[in-house]
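Here's the structure, in structure tokens; my notes come after.
The values are calculated or read from the model by the stated rules, or taken from the named source; none is laboratory data. Keep in mind it's a predicted model, so treat the numbers as computed, not measured. So basically every Cβ, Gly included, is an ideal-geometry build from the backbone, and we count neighbours across all protein chains shown.
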Amino acid sequence: MKKLAEYIKYGKGVETANRVKQLINEGANPETLLNDAMIPVMDEVGALFQSGEFFMPEMLIAARAMQQGMDIIKPILVAKGIKPMGTVVIGTVEGDLHDLGKNLVIIALEGAGFKVVDLGVDVPAAKFINAIKDHNPLAVGLSALLSSTMLVMKDTVAKIQKAHAEKKVKIMIGGAPLNNEFAQEINADFFGVDPASAKDFVRSLL
Amino acid sequence: MLIIKNIDIHLSTEEILESLCNNPQKTGGKKNTKKIKHQQKNIKGDFLAANIVNKMSDIVELCLKKSRKCIRSKLVARWFEIKEIKDEKVYFFGLNKKSLVLDLGFSSKFLKESNTAFFSVYTIGGELEAKEAKASLKGDYLESYIYDIIGLLYLKKIGTFVNEIVEKKAHDLGWGVGPFLSPGSVHGWELSGQNLLCSALPINEIDVHINEYSVLIPHKSLSCLIAIGSKYQKKKVGSTCDHCVSKELCQMKY
């Protein structure tokens, strides 16, 4: 499993997939591979990125290798009836086309074993509301990078909370111009300063 | 009025790789060539890390090849004379003597020494960002990120082309140049100011429009204003980073 973790860390996708296949053929439990090797190494990759030891491409290559391993493991987990730890709906608010920050949060969440429903960019409030209804997520993540779309975010949060008043889905927000004060002002539950904090927040909801 | 619909821009794999290795998180936004060289040196002795660089080169080369087919570099620009600056508002008038007032707030101070300003909007078109979005939605964030970087580098090169136009004009007149000012990117000039700036140029000629959130579409487009004047000392277009309130935290600082 140490080798598997190393392959993911250094972005060796083909080797990751082959190692996963090999370990499963040798009788390893896919859940153990996920929980004891793949998720921890993605946590480590996230921490290395956070500290500046890893560059963005290195993290993205690691995430791609993780994905190649997951492509082998996922069908086995599904066949066994094992569900993801929880679901998160995520998207960039209407009018905003930036998706890098959102994608980094997706990588952190998927790397931690969550299912992420990515609604993409320029997402109207109605699409968030419908996705929450369809997927019953632990949390919904809204991203914005522009000062002009921060106002759209405020409106989107209000509409989600009105539409799902009983369910009280947790709303986390992120994006360069945002901060804790803005999260409080628009009644969001959490402001994620980075992908790791967003992941920790969702983990805290379990 | 200047309209160019096919700016010849060359971008190399090496330039993209260098940009990818320039991690602003690590360096506080400062360009860190020492770090890059240090990393490349380390990579030579590290098989696994070398594997990453080799892999990046292949992906970057492939993405660049695909990108070249869909870059549509276009520019629209126009010179405006500066009439006066009052209460942080800058009063311009163009060739037809029609006046235009821009509220630049704090950033109006960068125009105090100016006589004339070059307004411009430029773009690389929307095809590359469509590729970027497609890659992102299928979960290939690496490819999406590389397309993003490629787009930004092409845009930056058009910016250099714009700077050279301004610098040449200033040189011919024996003047100096002011900093690069773009609404939403400089202190005091909000993104909403982009509407007024763009109203002074026929941006539809280069297939750019502005949406209700004051965002230029295609997304990889930029509007800017660069002033020249007899009192400016600098011969090259500068930045306003040293005056920015976010200068300590900014990851994009020059």
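I want to confirm something. Restricting to the stretch A:111-127 and keeping residues that are within 16 Å of the chain's Cα centre (by Cα) and outside any loop (DSSP other than H, G, I, E, B), which single residue is surrounded by the most Cβ atoms within 10 Å (Cβ to Cβ)? Before you say what the answer is, go through the steps one by one.
Within the stretch A:111-127, the first condition is being within 16 Å of the chain's Cα centre (by Cα), and the residues that meet it are A:111-121.
Add one more test, that the residue is outside any loop (DSSP other than H, G, I, E, B), and what stays is A:111, A:115-118.
On the way: A:Gly111: 26, A:Lys115: 17, A:Val116: 22, A:Val117: 16, A:Asp118: 22.
Within the stretch A:111-127, the match that is surrounded by the most Cβ atoms within 10 Å (Cβ to Cβ) is A:Gly111.
Report, ordered by the first and then the second residue, all pairs with beta carbons closer than 7 Å, sequence separation of six or more or different chains, a first member in the stretch B:7-35 that is farther than 24 Å from A:Gly46 by Cα and in a helix (DSSP H, G or I), and a second member that is at pLDDT 90 or above and not hydroxyl-bearing (Ser, Thr, Tyr). Sorted first by the residue in the stretch B:7-35, then by its partner, the pairs are B:Thr13/B:Val60; B:Thr13/B:Glu61; B:Thr13/B:Leu64; B:Glu15/B:Leu153.
Of the residues making up the stretch A:188-199, those that are at pLDDT below 95 and of a type outside the set (A, V, I, L, M) are A:Gly192, A:Asp194, A:Pro195, A:Ser197, A:Lys199.
I'm trying to understand the selection: among the residues of the stretch A:10-24, which are more than 11 Å from A:Ile73 (Cβ to Cβ) and either modelled with pLDDT under 95 or surrounded by 15 or more Cβ atoms within 10 Å (Cβ to Cβ) (or both)? Don't jump to the end; show me each part of the working.
Filtering the stretch A:10-24 down to residues more than 11 Å from A:Ile73 (Cβ to Cβ) leaves A:10-15, A:18-19, A:22.
Result: A:Tyr10, A:Gly11, A:Lys12, A:Gly13, A:Val14, A:Glu15, A:Asn18, A:Arg19.
Residue count for the stretch A:43-59, restricted to those that are at pLDDT below 90, surrounded by 18 or more Cβ atoms within 10 Å (Cβ to Cβ) and either part of a helix (DSSP H, G or I) or at the interface with another protein chain (Cβ under 8 Å from one of its Cβ atoms) (or both): 7.
Yes/no per residue for (1) without any contact (Cβ under 8 Å) to a residue 40 or more places away in the chain; (2) within 10 Å of another protein chain (Cβ to nearest Cβ); (3) closer than 23 Å to A:Lys74 by Cα:
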site: A:Gly113; (1), (2), (3): no, no, yes
site: A:Asp134; (1), (2), (3): yes, no, yes
site: A:Gly141; (1), (2), (3): no, no, no
site: A:Val157; (1), (2), (3): yes, no, no
site: A:Ala176; (1), (2), (3): no, yes, no
site: A:Asp189; (1), (2), (3): no, no, no
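Just checking: which of the strands (runs of 3 or more DSSP E) contained wholly in the stretch B:62-155 hold 2 or more residues that are over 21 Å from the mean Cα position of the chain (by Cα)? I'd like the intermediate steps shown before the answer.
On the way: elements: B:74-86, B:89-93, B:99-103, B:116-123.
So the answer is B:74-86, B:89-93, B:99-103.
If you take the residues of the stretch B:169-212 that are on the phi > 0 side of the Ramachandran plot and modelled with pLDDT under 95, which of them is surrounded by the most Cβ atoms within 10 Å (Cβ to Cβ)? Outline the logic, then answer.
Of all residues in the stretch B:169-212, those on the phi > 0 side of the Ramachandran plot come to B:174, B:184, B:188, B:207.
With modelled with pLDDT under 95 added as a condition, the list becomes B:184, B:188.
Values: B:Gly184: 17, B:Gly188: 19.
Residue satisfying both the conditions and the ranking: B:Gly188.
One residue is enough: does the stretch B:222-236 have a residue meeting the conditions of a type in the set (Ser, Thr, Tyr) and modelled with pLDDT of 95 or more? Checked the stretch B:222-236: at least one residue is of a type in the set (Ser, Thr, Tyr) and modelled with pLDDT of 95 or more.
Taking the numbered list (1) touching a residue at least 24 places away in the same chain (Cβ under 8 Å); (2) surrounded by fewer than 20 Cβ atoms within 10 Å (Cβ to Cβ); (3) more than 10 Å from every other protein chain (Cβ to nearest Cβ); (4) over 18 Å from the mean Cα position of the chain (by Cα) in turn, A:Asn130 passes all entries but (1). In the stretch B:223-233, what residues are of a type outside the set (Gly, Ala, Ser) and either part of a loop (DSSP other than H, G, I, E, B) or within 14 Å of chain A (Cβ to nearest Cβ) (or both)? Within the stretch B:223-233, B:Lys231, B:Tyr232, B:Gln233 meet the criteria. Is it the case that the stretch A:65-88 has a residue that's among the hydroxyl-bearing types (Ser, Thr, Tyr), away from chain B (no Cβ under 12 Å) and out of contact with any Gly (no Cβ under 7 Å at 6 or more places or on another chain)? Taking every residue of the stretch A:65-88 in turn, at least one turns out to be among the hydroxyl-bearing types (Ser, Thr, Tyr), away from chain B (no Cβ under 12 Å) and out of contact with any Gly (no Cβ under 7 Å at 6 or more places or on another chain).
Return the residue satisfying two criteria in turn: it lies in the stretch B:170-222 and is in a strand (DSSP E or B) and without any contact (Cβ under 8 Å) to a residue 24 or more places away in the chain, and of such residues it is farthest from B:Met1 (Cα to Cα). Don't jump to the end; show me each part of the working.
Restricting attention to the stretch B:170-222, the residues satisfying the condition of being in a strand (DSSP E or B) are B:176-181, B:186, B:189, B:209-210, B:216-217, B:221-222.
From the residues that got through so far, the ones that are without any contact (Cβ under 8 Å) to a residue 24 or more places away in the chain too are B:209-210.
Working: B:His209: 18, B:Ile210: 20 Å.
Per the criteria, the residue is B:Ile210.
Only one entry in B:Val215, B:Val166 is within 14 Å of chain A (Cβ to nearest Cβ), among the aliphatic types (A, V, I, L, M) and crowded, with 20+ Cβ neighbours inside 10 Å, namely B:Val215.
Checking each residue in the stretch A:1-34 for being within 14 Å of chain B (Cβ to nearest Cβ), on the phi < 0 side of the Ramachandran plot and not in a helix (DSSP H, G or I) picks out A:Tyr10, A:Lys12.
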